[in-house]
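I have a structure here, written as structure tokens, and I will follow up with some questions on it.
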Amino acid sequence: MQQQFAVFGNPIAHSKSPSIHQHFAQQFGLEIDYQKRLSTAEQFATDVMEFFSSGGLGCNVTVPFKEDAYAMCQTLTPPATRAKAVNTLFVNKEKQLCGHNTDGIGLVNDLLNHQLDIKARHLLVVGAGGATRGILGPIIEQQPASITLANRTYHKARNLAAEFDDLFAIHTSATEQLDVAHKPDLIINATSASLSAEVPISDISLLSKHTACYDLAYATEPTAFMQWAHNNGCDQTLDGRGMLIEQAAAAFFTWTRLQPDTAAINADFASR
Ligand code: ATR
């Protein structure tokens, strides 16, 4: 029987995870069955338990169930504990449901793929929701010189920064009166503003030719944030497609201990 994998979300029809994981499996001559599973808030925990009791080996979890997945796990990896969200589930030898979060390492690996080593660099992260909580731990591990966390609702930035106080002194700001610790080398848009074609910051004095701008979101066209950065002189604007592939690779490794090569699929996605 083929190894069974799945991704749970709502909506889920758009998910690229099945084709990405099939691509990885082919690299190792594995035949896998990777299904999209539409779930609901009421059914999610039951659906996951049924998936594993019927022989499922591992599943991904996407919006809006990452916090529900976190809440139902018996064991959590350190990135999942920090993120308070789980995007990768598996069952360990002790038959415990385990939760991991590969979003942050996915971002870091995609940045490295684009020669963006953030060690000793100045970062501005915009947004203070779940997406930001998911990436901060792995970002801090790379030892940037400074992180400014800006949010439309200031107290959320302050509260989120406080959760990482033991690891890093994150500078916080309201986005409206943006006050950065240092002029950023890299700006990460971790807000959901791109979903409504909005740009979450307006201060163009932050930008220069060499400022890299990364939007965790992606769409068929460059996001509003990427267009804003490009129109104001930034040479390097990236969206979250590479992060999607890298978080999938880290999940695939978690389940199979096989490290897929992401270069070919990255090139394929970049050309679309
Ligand atoms: P996610 O899980 O995607 O992070 P979330 O927890 O709802 O979603 O957080 C969304 C983030 O995007 C928040 O930081 C939100 O700012 P507020 O805390 O002020 O609500 C930010 N956001 C959403 N739309 C925005 C917009 N149009 N402009 C600026 N920030 C926006």
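Any idea which residue in region 163-203 is surrounded by the fewest Cβ atoms within 10 Å (Cβ to Cβ), counting only those that are outside any loop (DSSP other than H, G, I, E, B) and away from the ligand (no atom under 15 Å from the Cβ)?
Among those residues, the one meeting the criterion is HIS171.
Would you say LYS95 is of a type in the set (D, E, K, R) and not assigned by TED's automatic domain parsing to the domain that holds ALA162?
Criteria met by LYS95.
Just one of the numbered conditions (1) surrounded by 21 or more Cβ atoms within 10 Å (Cβ to Cβ); (2) over 12 Å from the mean Cα position of the chain (by Cα); (3) of a type outside the set (Lys, Arg) is not true of LEU216; which one?
Here LEU216 meets the rest and fails (2).
Now a separate question. On the given criteria, is LYS119 touching an Asp or Glu at 6+ places or on another chain (Cβ under 9 Å), open to solvent by 20 Å² or more (accessible area, probe 1.4 Å) and not small (Gly, Ala, Ser)?
In short, no.
I'd like to check something: does region 140-148 contain any residue that is part of a loop (DSSP other than H, G, I, E, B), buried (at least 24 other Cβ atoms within 10 Å of the Cβ) and either hydrophobic (A, V, I, L, M, F, W, C) or within 16 Å of the ligand (Cβ to nearest atom) (or both)?
no
If you don't mind, there's one more thing I want to ask. From LEU238, LEU258, grab the single residue that is open to solvent by less than 60 Å² (accessible area, probe 1.4 Å) and closer than 20 Å to ILE135 by Cα.
Of LEU238, LEU258, the one residue that is open to solvent by less than 60 Å² (accessible area, probe 1.4 Å) and closer than 20 Å to ILE135 by Cα is LEU238.
Also, I was wondering about something else. Among the residues of region 221-232, is there at least one that is buried (at least 22 other Cβ atoms within 10 Å of the Cβ), at pLDDT 95 or above and small (Gly, Ala, Ser)?
Among the residues of region 221-232, at least one is buried (at least 22 other Cβ atoms within 10 Å of the Cβ), at pLDDT 95 or above and small (Gly, Ala, Ser), which makes the answer yes.
So LEU206 ticks every box in (1) more than 23 Å from the chain's Cα centre (by Cα); (2) more than 16 Å from the ligand (Cβ to nearest atom) but one. Which box is left unticked?
(2)
While we're here: Please work out if LEU112 is more than 15 Å from the ligand (Cβ to nearest atom) and either open to solvent by 40 Å² or more (accessible area, probe 1.4 Å) or in a helix (DSSP H, G or I) (or both).
yes
The values are calculated or read from the model by the stated rules, or taken from the named source; none is laboratory data. Just so we're clear, the structure is a prediction, and the values are computed from it rather than from any experiment. Note: ideal-geometry Cβ built from the backbone for every residue, glycine included; neighbour counts use all protein chains shown. Accessible surface areas use protein heavy atoms only, side chains included; no ligands, DNA or RNA. Shrake-Rupley method; radii C 1.70, N 1.55, O 1.52, S 1.80 Å.
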